[in-house]
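What follows is one structure encoded as structure tokens, with my remarks underneath.
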Amino acid sequence: MQALARLVWAPLLVVSLVLVPWVAQAGLIGDTVTASLRDNDAPFTIFNTSAIVTDPGAPEFSGTFQSIAWTLDILNNGFALHANCLSGLGCNSGALTLTISSLDFTPPGTLVGLSNITSTEPLKSAAGSPAVSPSSVTINFQSFSLNTGPFPSTTNYAADFQVQPRVVSTPFPATLLLLVVALPAVGIFAAWRRLS
């Protein structure tokens, strides 16, 4: 009977060790995310659309303004904003607002902040503190110049999403399935204890 108990409990333990880390990691693959990048000084909207997250893949959002080509790549659990000056004479940008919204993580989670923020000049010094809500983030950037003085012709701003898992009530059919799986295991365990 001990061999039978080991035969039942070993696969259950392996499955739980494999599935628990997979469930705990929130991601955005396949989610529809909305993003907008706006030059507030012009004013001009560089992009303001929705896209399905495909990571890896091409950046989901792009646009050009004042000879600066912008791309925004939404990753499974983060994002990367990239600017490239298309003019050899330098490029000037007004103050910008980047908003990423409709962040519906799977499994369900609440956005609580950004982590692992990496950026290069001049976006690094132009970036303000991120404003985070449960499903969106907004970052304001001051005016800056590219390809003039010490600054390169490209600049980047990237970060990971900090997500707090959200407790979701289990619907009745799923609860019933758990009960059907658990009852035989309890019966086997009870029989094993009686025989020991």
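The values are calculated or read from the model by the stated rules, or taken from the named source; none is laboratory data. Since the model is a prediction, treat every value here as computed from it, not as a measurement. Cβ coordinates were reconstructed from backbone atoms using ideal geometry, including for glycine residues, and neighbour counts include every protein chain displayed.
Each residue in segment 149-164 was checked for being in a strand (DSSP E or B) and within 12 Å of Gly90 (Cα to Cα), and 1 pass. Applying the condition of being modelled with pLDDT of 95 or more and polar (S, T, N, Q) to segment 48-61 and asking which residue is nearest to Thr106 (Cα to Cα) yields Ser50. Scoring Ser87 on the criteria (1) surrounded by 14 or more Cβ atoms within 10 Å (Cβ to Cβ); (2) on the phi < 0 side of the Ramachandran plot; (3) modelled with pLDDT under 95 leaves a single failure, condition (1).
Within segment 136-164, being small (Gly, Ala, Ser) and at pLDDT below 95 holds for Ser145, Gly149, Ser153. Of the residues Thr71, Thr64, Thr45, the single one that is in contact with a Ser or Thr (Cβ under 6 Å, 6 or more places away or on another chain) and at pLDDT 95 or above is Thr71. If the condition is being of a type in the set (Gly, Ala, Ser) and without any contact (Cβ under 8 Å) to a residue 40 or more places away in the chain, then segment 61-104 contributes Ser62, Gly63, Ser67, Ala69.
Would you call Thr118 modelled with pLDDT of 95 or more, among the hydroxyl-bearing types (Ser, Thr, Tyr) and more than 18 Å from Leu37 (Cβ to Cβ)? Spelling it out, Thr118 is indeed modelled with pLDDT of 95 or more, among the hydroxyl-bearing types (Ser, Thr, Tyr) and more than 18 Å from Leu37 (Cβ to Cβ). Considering segment 51-67, the residues that are surrounded by 13 or more Cβ atoms within 10 Å (Cβ to Cβ) and of a type in the set (Gly, Ala, Ser) include one that is farthest from Ile139 (Cα to Cα), namely Ser67. Here Ala69, Ala83 are screened, and the one residue that is in a strand (DSSP E or B) and touching a helix residue (DSSP H, G or I) at 6+ places or on another chain (Cβ under 9 Å) is Ala83.
Based on this model, can you work out whether Val167 counts as over 25 Å from Ala42 (Cα atoms), in a strand (DSSP E or B) and at pLDDT below 95?
On the way: over 25 Å from Ala42 (Cα atoms): yes; in a strand (DSSP E or B): no; at pLDDT below 95: yes.
The answer is no for Val167.
Taken as a whole, the structure places Asn40 among residues that are at pLDDT 95 or above, under 23 Å from Thr148 (Cα atoms) and loosely packed, with under 15 Cβ neighbours inside 10 Å.
Of all residues in segment 126-148, those satisfying the criterion of being closer than 22 Å to Leu89 by Cβ and either of a type in the set (A, V, I, L, M, F, W, C) or surrounded by fewer than 16 Cβ atoms within 10 Å (Cβ to Cβ) (or both) are Ala126, Phe141, Gln142, Ser143, Phe144, Ser145, Leu146, Thr148.
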